[in-house]
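The values are calculated or read from the model by the stated rules, or taken from the named source; none is laboratory data. Nothing here was measured: the structure is a model prediction, and the numbers come from that model. Note that each Cβ is placed from the backbone with ideal geometry, even for glycine, and that neighbours are counted across all protein chains shown.
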Amino acid sequence: MDPNDFLSRYGHLRPGTYDITSWRYDEKPKLYLGQGIPETKVNQSPFILSQKQKAEIKILLGDLNLDINADELFRYISDAVKAREEAKFGLSRNLSDALQLTTQWGDTHGLSREDLSYLQIPEILASKDGDELLDIIAKREEEYILTRALRLPHLICELDDIDIIRLPLGQPTFITGKAVTARGVNILSHTELSIRGKIVLIESADPGYDWIFTHNIAGLITKYGGANSHMAIRSAEFGLPAAIGCGERLFETLVRTSVIELNCAARKISGH
């Protein structure tokens, strides 16, 4: 695609869809698209189930009392994934435009993106006194610092989970069967870092992080996510070795290392 056409359709995307401090693609095109727009090399050979596979799937569906065959199941899965991505894309455009208008309003009132991140929408809509907003921002910033100092479990299953924080080992979803060893780099939503040829680490990657694929990265590791997450699908499309959803313990260990070995075939990640 022509870069102008690309930005016209996708320029609203931003890493961290709900993050007002993050720049849109069309606000920082040189940062996000500095290496050009990648060509997606998708395997064009059709996916065909054998008759034996269809029969086995039909048996499993019957066990679940589902009156559909294998072809109908896979057609539903394909349509559902496409519809989900289209819905997320539409949401991201409207949300990004709203955040952009909010930052423009903040500029006229002497409020930075960081200032606005501490405010709630009803407070902005009802605001008349700028000093009142500054007081709210100062209070919220203190609360945010305190909140960041607390550690809570990702999932509370029983009462003891509130008092004892366990950090279980994650079971990442490995994409491709490739192996790569490269320097790792941990990026935030709009960090200006050189990521070319490196294994990129991201806590939770949404569609706004697609810009990383324009920088010829060596691999991708995320703290959160699963087999059907956006970044798992994109990594598979590009044939990029990736470990999606490796969990907090492993991710924090990898962030502190210099060189990472990502072996998807052996389902192994190690840092050096």
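Taken over the range 220-237, the criterion of being out of contact with any Phe, Trp or Tyr (no Cβ under 6 Å at 6 or more places or on another chain) and either among the β-branched types (V, I, T) or over 16 Å from G208 (Cα atoms) (or both) is satisfied by I221, T222, G226, A227, N228, I233, A236, E237. Would you confirm whether or not the range 256-270 contains a residue that is part of a loop (DSSP other than H, G, I, E, B), over 11 Å from the mean Cα position of the chain (by Cα) and among the charged types (D, E, K, R)? Yes, there is a match, as at least one residue in the range 256-270 is part of a loop (DSSP other than H, G, I, E, B), over 11 Å from the mean Cα position of the chain (by Cα) and among the charged types (D, E, K, R). Residues of the range 73-90 that are surrounded by 12 or more Cβ atoms within 10 Å (Cβ to Cβ) and free of Cβ contacts under 8 Å to residues at least 60 places away in the same chain: L73, F74, R75, R84. Flag not set for T253, criterion: more than 13 Å from T181 (Cβ to Cβ), of a type in the set (S, T, N, Q) and buried (at least 17 other Cβ atoms within 10 Å of the Cβ).
Conditions (1) acidic (D, E); (2) part of a helix (DSSP H, G or I), marked per residue:
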| residue | (1), (2) |
| --- | --- |
| I48 | no, no |
| K58 | no, yes |
| E86 | yes, yes |
| R93 | no, yes |
| W105 | no, yes |
| E123 | yes, yes |
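Could we say that T214 is of a type in the set (V, I, T), modelled with pLDDT under 90 and part of a loop (DSSP other than H, G, I, E, B) here? No; evaluated as a whole, the condition is false for this residue. When G271, G225, G177, G239 are checked against the criterion of being surrounded by fewer than 18 Cβ atoms within 10 Å (Cβ to Cβ) and at positive phi, G239 stands alone in meeting it. Among the residues of this structure, D71 counts as one that is over 24 Å from A205 (Cβ atoms) and either in a helix (DSSP H, G or I) or touching a helix residue (DSSP H, G or I) at 6+ places or on another chain (Cβ under 6 Å) (or both).
The conditions of being aliphatic (A, V, I, L, M), outside any helix (DSSP H, G or I) and either within 30 Å of L7 (Cβ to Cβ) or touching a Pro at 6+ places or on another chain (Cβ under 8 Å) (or both) are met by L119. Among residues belonging to the range 159-177 that are at pLDDT below 80 and part of a loop (DSSP other than H, G, I, E, B), point out the one that is nearest to the chain's Cα centre (by Cα). Applying the filter and picking the extreme gives G170. Close Cβ contacts (under 6 Å, 6 or more residues apart or on different chains) running from residues in the range 216-230 that are farther than 15 Å from S194 by Cβ to residues that are modelled with pLDDT of 85 or more and aromatic (F, W, Y) comprise K223/F251.
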